[in-house]
Each structure stands twice: as C-alpha cells, then as structure tokens.
1. Evaluate the following for Ile422: is it assigned to a loop (DSSP other than H, G, I, E, B) and within 16 Å of the ligand (Cβ to nearest atom)?
2. If you scan segment 246-263, which residues turn out to be within 16 Å of the chain's Cα centre (by Cα) and within 12 Å of the ligand (Cβ to nearest atom)?
3. Exactly one of these conditions fails for Glu407: (1) at pLDDT 95 or above; (2) farther than 27 Å from Lys348 by Cβ; (3) among the charged types (D, E, K, R). Give me its number.
4. Only residues that are part of a helix (DSSP H, G or I), within 15 Å of the chain's Cα centre (by Cα) and away from the ligand (no atom under 13 Å from the Cβ): list them for segment 325-366, please.
5. For segment 212-233, does any single residue satisfy the condition of being modelled with pLDDT of 50 or more and surrounded by 11 or more Cβ atoms within 10 Å (Cβ to Cβ)?
6. Within segment 301-324, take every residue that is within 16 Å of the ligand (Cβ to nearest atom), of a type outside the set (Asp, Glu) and assigned to a loop (DSSP other than H, G, I, E, B) and give me the one that is surrounded by the most Cβ atoms within 10 Å (Cβ to Cβ).
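The values are calculated or read from the model by the stated rules, or taken from the named source; none is laboratory data. Fair warning: this is a prediction, and the values are worked out from it, not measured in the lab. Every residue, glycine as well, gets a Cβ built from its backbone with ideal geometry; the counts of neighbours run over all protein chains shown.
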Amino acid sequence: MFKPASEHERHLRVEMPEQRSLFSLLGLAALWAAFLLVLLAVNTACAAVTVTAARVWPAAEYTRLTLETSSPVKFSQSIVKDPERLVLDLEGIEPNAVLTGLSAKVGADDPYIRLVRVGRFKPGVVRVVLDLKTEVKPSVFTLPPVGEYGNRLVVDIYPAQAVDPLMALVESPRQAAQGEQDVPDQGRDKAVVAAPDAPVAKAEPAEPRSLQAESQNIGPEKTLKSEKRKPELQVTRLVTIAIDAGHGGEDPGAQGARGTHEKDVTLAIARRLKAVVDEEPNMRGILIRDGDYFIPLHGRVVKARKVNADLFVSIHADAFIRPDARGSSVFALSERGATSAAARWLAKKENEADLIGGINLDVKDPYLARTLLDLSQTATINDSLKLGKAVLNELGGINSLHKGAVEQAGFAVLKSPDIPSILVETAFISNPEEEVRLTDNAYQEKMAKAILSGIKRYFSKNPPLAKSRLAASGPL
Ligand SMILES: [Zn+2]
C-alpha cells in the first residue's frame, strides 16, 4: 500500500538523501577527518616556534641576549626614544615560560638593560621590549644550529659610544688602586717611565711597588714632568701584555669529565697572570676578556691592538679525543699550513669559537681589510716563536710538555700583524688528572708565574724598545 507522501514526508525525502550522504561521508571519512584534525594540530604545533632556552650575558662591552628556538625566528626591530627602548617583534612564537622568564634573567646591574617585557602583541606575534639604561646600538641576528645549540636569535646590545679599552682601564677602580692611573690616553701610554736601574726585562723584579707610594706620589703628570726635566735618565716604558682568556659566554670551550668549562679555567688563569704581570715594575697586563661573555676571535686581535699591546697571550685548556692526552703546549701562527695534524686539528677547533660564540656576519669589519693588506707577518711570527719557546721552557718546569717544540697552525686569534702572539694550552681539560689541577688555585698560580717567567725571559733577549713599531710611535 502506497500512501502518497505528505508535504512533510516529501520534505523529508528531499532532505534525507542529503543528510544521508553527509552522514555517509562522515561515516566513511570519520577516520580521515580525525586523522586530518590530528595532522592539523601537529602542523600548528610545528609552525609555532618554541623558545627552548633563554640566556643573558652582561658585560661592560656589550650585553647579549640569546633565545634558542625550535626553528628559525622571523623578527623585526625598532628603537623607540624617550625613554630608550628596543622593540623586537617575533613572528610565529608561542610565548612560554622560558621566554617570559627572560625578564628575570636580566640583573639590576646589567650595564645596558633596565628591564625586559614580553607580551603577545597580536595574533602570532610576540613583542619583546627592552627598556634601556642608555643609548645603544643593537645588533640582532639569527644563527643556524651548531654544536649543542639549536637555532638562535641573538640580541647584542652595544653602547652607542663603544667602550674604549684604554679609557676603561683608566676608569676601572681596580686599575686605579693598582696605580695604573698613569694611562689616560694612548699617547701617554707610551710615556710612562721606569726607574733607570730597572730594565724592562730584568729577570728579578726591582723593589716591590708600594701602592701607597704610587697612588700618592707618582701621579701621571708628576711622572711625565719629572721625566722631562731629567732627559739624562734612561727611559724605558711600560710594556703591555694582552692576556686573552679563551672562549667565554655562549662559547664554553672544552668541557672536562667533572663538568669544568674551559672558559672558566682560562679566565681564572688569565686573571692570575694579569696580577703577577702587574707586580712587575715595567709591565701591565690587560685582560682581553674579564667576564663570562663572548668576544669574536678577530675582536680579540683588535682589542689587543687598541691598547698597543706588546705581546698577546691566549690562554686555553682544550680537550682531546683521547682522555690520556696530557701536558702543556704552546702554539704560534703559521702562514703556510700547520706543523702537525694535531696542531691543524686544534686550530680548526679553536677557530670554530666564532660559530659557537656567534657573530653577526652581516656586519662589515673595516679593520679586517686593513689586516689583510699586511701581506706577510713573518717577522712577527719569528718573534712569536721566540716568545713561545721561552714560555714553553718555563711550562716544562711545572707540567709535562705535550710537545717539546712550539707548534704552528692558522689560529685566527693569533693574527695580529705586529704583535707577537702565542696560544698556551695550559693542560688538557679532557684528562681527568689535569682537569683537577686546572681548577686548583695553587696550580693556576704556578701556571701564571711560569708564563710570566717565559715572557720575562723573552724580553731579556728581545728588549721591547728595539721593535720598529715602537720607533715609529716617536719619542716620548
Ligand atoms: Zn680553547
């Protein structure tokens, strides 16, 4: 019996096939739909960049903020005045606890950053605002994954007026306490005199310096004037030893089995070396790095030249693949290849510091071109080898030597065209026994004194006044 369809039924009939097809579509594709939803969720998660680590490296030279991210970050930056702020908009970032935790990592004593604020600016964009203490020159760049690091967004906050290492020396209260006020500018740097009976390279130190006498009686002006009045005195000058603590900041260097970082050991030894150098009547030590922050290799060379260093000593404590490798070694630059496969390997590893520490490759360095104009640094390398030999001899007295001769390779940090430069591998941090010694105060002190003895021995045979660079700087 067929009953004509009512209006309602007809309507249903019209509707039913559509609904059925919809349901059947859903039914058939239920798994697909669910799958797609999951896929979408996964995709969304992948698209959002996650901040996995946030680090802050404050230093007088510059403060660096590093955000490590799950994939490269797109960013834009702008400076806002009154008050000074750096505004960074980061695209596709999910604000998480790591990112917002950045604020707490900036200390009240940070030289440049007062406060960091992080907030969602608009959908898909996180805004990071740095409230600044002074006018700055920021350098913001990304780095691809390297070593143990993932993608990095690096925010370097330089002061608008770069810190002059010589001026910093004058202004440093510690330097002043040590009687180093007599270095107000580069010109006068050369004019400091020593007692006539204290030749620069005298092996035995002259009378110990009295801090009181220096700070009260021998001010810079007095020294200069009295020297001018007595031209018959044999005038020597203060020699400057640039002491470079290897690695630093983002670049921890090698790591020992007990977790000792090379960057900490090198800084400790460098500070001790500066202390013993400063005790010498005619020497002063200048730390290229005096804190836990990164300086590019070339920047270390530039800094040594800015302070008119007479010598450059880079301190390291590297690892080797074999934990039984031990002993100290000294390296100089080579213009043509390395003296051994091990030296080549080490130079390559040291030169990777810039990749790990992170440099902005977009910034052109005018100094670099100038350095490259120096076609040969053979004479400087010869001096470096003499210095290296003298230091190696002294190190032999306190530690076994990894190799009995100074080795050479293409170390970027030793490329000062006119400053004899050596790299001292104090010991192997990868050797468990040496790792322990490297963190021992007494051993660090011995190491510093041995390096100083080597420097003095070098100067006794190669007085600094005989150098042509000094002759070019003119009379006092
Ligand atoms: Zn190193």
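1. no
2. Going residue by residue through segment 246-263, those that are within 16 Å of the chain's Cα centre (by Cα) are 246-254, 261-263.
Hits for segment 246-263 are Gly246, His247, Gly248, Asp251, Pro252, Gly253, Ala254, His261, Glu262, Lys263.
3. The failed condition is (2).
4. Passing the criteria: only Leu355.
5. So far as segment 212-233 goes, no, none of its residues is modelled with pLDDT of 50 or more and surrounded by 11 or more Cβ atoms within 10 Å (Cβ to Cβ).
6. Ala317
Residue-wise test of (1) out of contact with any Lys or Arg (no Cβ under 7 Å at 6 or more places or on another chain); (2) not in a strand (DSSP E or B).
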| site | (1), (2) |
| --- | --- |
| Thr66 | no, no |
| Pro72 | yes, yes |
| Pro83 | yes, yes |
| Leu86 | yes, no |
| Asp89 | no, no |
| Asp110 | yes, yes |
| Val129 | no, no |
